[in-house]
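The values are calculated or read from the model by the stated rules, or taken from the named source; none is laboratory data. Just so it is clear, the model here is predicted, and its values are computed rather than measured. Counting neighbours? That spans all protein chains shown, and the Cβs are built from the backbone with ideal geometry, glycine included.
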Amino acid sequence: MKRSTELKLLFTLLFLFLITATCTAQQASRKRAEKFQFTPADAVYFVGSGLDMVSSGMCKGCVESNPLYKDAKGKFDVKRNLTVTVAMWGAFKIVEWKFPRARQFLNRLKVVIGGIRSGVGFYNFYQAAHNTRRR
């Protein structure tokens, strides 16, 4: 397949994934009690983050473009990525707990962040397969 066809297919799948996840998260949030629960939006957030993390760590000798996740040599650092990812999720959960009315907005935000990081992960897999990010 051509590169443009591959990218169109990738973005179409990513778009469908985001729509499905958003609908699932909205339905689940309506039925949920006010106590702490791991929601489908949290799952989308962690799947996207995990995909991005695996794809960034997969390419040996590649440069990490996000300044939050790279070490002094410019390479990907798993500890930093995991720390930032879990800290952001924890902040979302604290805000959800303190402000229950913001829960729906935060669930949508987590789905968007997870979707973006999934897209970045797929793009990193593509680059790792074609060795285009080497320094």
For residues that are of a type in the set (Phe, Trp, Tyr) and either exposed (fewer than 13 other Cβ atoms within 10 Å of the Cβ) or in a loop (DSSP other than H, G, I, E, B) (or both), scanning just the range 98-135, find the one that is modelled with the lowest pLDDT. 99
Return the residues of the range 20-65 that are over 30 Å from residue 126 (Cα atoms) and at pLDDT 65 or above; say none if nothing qualifies. 35, 36, 37, 38
Which pairs have Cβ atoms under 6 Å, sit 6 or more apart or on different chains, and link a residue in the range 38-55 that is touching a residue at least 12 places away in the same chain (Cβ under 8 Å) and farther than 24 Å from residue 97 by Cα to one that is among the aromatic types (Phe, Trp, Tyr) and assigned to a helix (DSSP H, G or I)? 55/125
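Of these, 72, 91, which one is part of a helix (DSSP H, G or I) and free of Cβ contacts under 8 Å to residues at least 24 places away in the same chain?
91
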